[in-house]
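What follows is a short report on a single structure.
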Amino acid sequence: MSDDQAKRYGNILFVFCGGGCKAVFQAVTARELVHAGFRPTHIVSASAGTCNALGLVENPGIAGAEKTLRIWEDYITSPEAIYEVHPFIREKIARLLGVFPQVAQGWGPSGSILHDLKRAIKFLPLVISFCVRMPFRAAGRAVSFVFRLMDAFASPSKSFRRLVQAPEVQEAFNEVDKYFELKKMKSFLDPFPLLARLGEEFDLQKVLTSPIVWHILAERYEDGTTVVFSNKDPDLAMDGSEDARGRKAKYDLFFRRIRASMALYPLFEMVEMDGYRYLDADLANPLPVEESFSVGCDTIFLFLNVPKQTVRIEPHPLRNLLELNDLSRLNERYIHHRVKAAQVKAKELGVNLFVIRPDDIPSGLGLLEIDRKVIEQVKTRERTRMKDYLANLEANNLRFAPLIQ
C-alpha cells in the first residue's frame, strides 16, 4: 500500500466476528489484506474471532497473519483438537450404559442377577416417565416457544439474546434436569485441548505490550450486557515493578478474559470473574456495530462468517415456522440489518467500511466441524477471491455504495 493509500485509509480496524470453525475464512482473508499492506491499528473480536486476533496482536504485520493461519493448519484440524466431552457427561453415560452389561451376567451364588434386577426395576419408571410424560410436556413448551421466537424475530433489531431465559424454555430445561441433573454440569464440552494449545503458542507479554489496541467482547450473563475488555486495561499494565508472581497474576487474568470471549455456553463453561459469569458475546451481538464505530478508526474491515446468499428479509409467520429448523436463516436476516446499520453509520461519520464474507460454506465445515482438507479448500478459494476483491477495493467500500435495501 502506497503512502497516499495509507493516508486515505488512516487507522484501520479489523472486526473478527464469531462462527466457530468457520472463522478459518477470517484467517485466510486477513492474511491477504495484511500482505496487501492493510495492517490494523485496532482489533475488535468475539468468540472464534478472538482466536484469530491473538496472532495479529502478538506479532503485528505479516508474521502475525502467517502465524494465525498456521494455527489452523497445524492445530485446529479436527473436533478432537478443539474439545473433549465433559467429564460429567462421560460419567453419566458410563453409569447409564453400565446397567445393561451387568444384567447379562450368568446365574451364580453371588446373586448378581437379583441385584441387577433391582436396579433395572428402579430405573424402569424413570424411562417410562421420560418416554411418556416428557414428549407431551416438551410439545407444550415447544409450541409456546415457537410463538415467542416468531415474535422476537418479527423485529430486525433483535438477535438470539436471552431467548433461552424465556419461562417456557426454562420449564422445559427443568423437566429434563429431573432426569439428567444438568444443572450440576457447567458445560457439555471441555475446550481444554484448544485452550492449552493457545496458551503454549502465544506470548501474553507480547500481546499486552503490542502497539495494536485489542478490544475483546464478552457477554455478562446476569444482565446480558456486552462487556469490552482490552489488552490496554489499566489493571493489566506493566510498569516494571512486578515480580514473577505479579506478572503471572496479570497474565492469568488476561487469559481468563480471552476464555470468556470464547465461552460458547452451554457447550463450553462460562468464566467467573469478580462475582459475574461471562460468556461468548457472539450469539447476543454477532455484529458489534456500536463497539466497532466507537473505536474511532478511519477504516473498518468487518470479517463475517455468514455467506453471501439471498436472504428473505421481511418476516412471514408461516415461513418463519418452517425455517425454525435452520437457525442460520434467522441469523442471516439479523446480520443483514446490522450491516445496513453499519453502512448508515459509515456514511454519517465518513468512515471507510468493507464487509468481507464467504460466498458459501463448504461441506465439512461447521461450528465444531473441520478437517485439513477443508482448510486447504478454503485457502485456495479465498486467496483467489481476495485478489479480485483487492483489485476492485473501492467498488466494495460501503461508505460510497448505494444504501443496502
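The values are calculated or read from the model by the stated rules, or taken from the named source; none is laboratory data. Values in this document were obtained by computation on a predicted structure and should not be read as measured data. No Cβ is skipped: glycine too gets one built from the backbone with ideal geometry, and neighbour counts run over all protein chains shown. Accessible surface is based on the protein model in full, side chains and every heavy atom, while ligands, DNA and RNA are left aside. Shrake-Rupley method; radii C 1.70, N 1.55, O 1.52, S 1.80 Å.
Numbers below:
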| item | result |
| --- | --- |
| Accessible area per residue, Å², region 1-90 with all protein chains present, probe 1.4 Å | 33 Å² |
| Extension gain (nm, one decimal) between Asp223 and Ser78, 0.36 nm per residue minus Cα-Cα | 48.8 nm |
| Backbone HN-Hα couplings from phi across region 57-65 [Karplus 6.51/-1.76/1.60, Hz, Gly and Pro as x] | 6, 5, 10, x, x, 5, 4, x, 5 |
| Sequence of Asp274, Asp282 from largest to smallest accessible area, 1.4 Å probe | Asp274, Asp282 |
| Rounded to the nearest 10 Å², the accessible area of Glu222 at probe 1.4 Å | 80 Å² |
| Estimated FRET transfer efficiency when R0 is 45 angstrom, pair Lys347-Ala237 (beta carbons, to 0.05) | 0.75 |
| Estimated distance in nm for a label pair at Asp360 and Lys248, the labels positioned 7 Å out from Cα along Cα-to-Cβ | 5.2 nm |
| Listed peptides 343-350, 22-29 by packing density, highest first (mean Cβ within 10 Å) | 22-29, 343-350 |
| Computed over region 202-305, the ratio Rg/Rh where both radii use C-alpha atoms and Rh is Kirkwood | 0.98 |
